[in-house]
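The values are calculated or read from the model by the stated rules, or taken from the named source; none is laboratory data. Values in this document were obtained by computation on a predicted structure and should not be read as measured data. We place every Cβ from the backbone using ideal geometry, glycine too, and count neighbours over all the protein chains shown.
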Amino acid sequence: MKITRAIEYFLIGLILLVIGVMPVSGQMERNFPPDSKLGNLNGASFPQFNIDGRLMIMGAAGQVRDIDNQIVLPNTAYKPGTVRYQIDLMGHLHRIWYLTPEEAKGAKKEK
């Protein structure tokens, strides 16, 4: 009977620990590379992206990340919004990050 009670307390503690850690992971601040630029994505037709009125081509290994920092397939990333983007050595888009409203406000203050 004592072993069952010990296992019960262990499981309750484990559940509380997991619940306590979960909100922290959603509040992590994203750090963008220093060479990333701020822009407004106005339209996309993969592999072309219109950022600040400039037509840019996504490079071969290009990545698009949503506001949750999850990778999105570049051919489905057509939502307009404020983004940070990075250019590769060939002048093509290397990475695009969609910004949350808070990140966009902070980035515009830095600019």
Residue check, D68 against (1) of a type outside the set (K, R); (2) farther than 19 Å from E29 by Cβ; (3) modelled with pLDDT of 90 or more, all met but one. Which one? (2)
Spot the failing condition for R65; the list is (1) touching a strand residue (DSSP E or B) at 6+ places or on another chain (Cβ under 7 Å); (2) among the charged types (D, E, K, R); (3) exposed (fewer than 15 other Cβ atoms within 10 Å of the Cβ), and only one is missed. (3)
I'm trying to understand the selection: among the residues of the stretch 29-46, which are small (G, A, S), surrounded by 11 or more Cβ atoms within 10 Å (Cβ to Cβ) and modelled with pLDDT under 90? G43, A44
Exactly one of P80, P23 is surrounded by 10 or more Cβ atoms within 10 Å (Cβ to Cβ) and at pLDDT below 95, and that residue is P80
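For residues that are aliphatic (A, V, I, L, M) and surrounded by 12 or more Cβ atoms within 10 Å (Cβ to Cβ), scanning just the stretch 83-108, find the one that is nearest to I57 (Cα to Cα). Can you show your working first?
As a first pass, look at the stretch 83-108 and keep what is aliphatic (A, V, I, L, M): 83, 87, 89-90, 93, 96, 99, 104, 107.
This time we only want the ones that are surrounded by 12 or more Cβ atoms within 10 Å (Cβ to Cβ), so: 83, 87, 93, 96, 99, 104, 107.
Details: V83: 15, I87: 10, L93: 6, I96: 12, L99: 20, A104: 23, A107: 24 Å.
Taking the candidates together, the pick is L93.
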State whether the residues of the stretch 72-82 include one that is under 15 Å from S36 (Cα atoms), in contact with a Leu (Cβ under 9 Å, 6 or more places away or on another chain) and not hydrophobic (A, V, I, L, M, F, W, C). yes
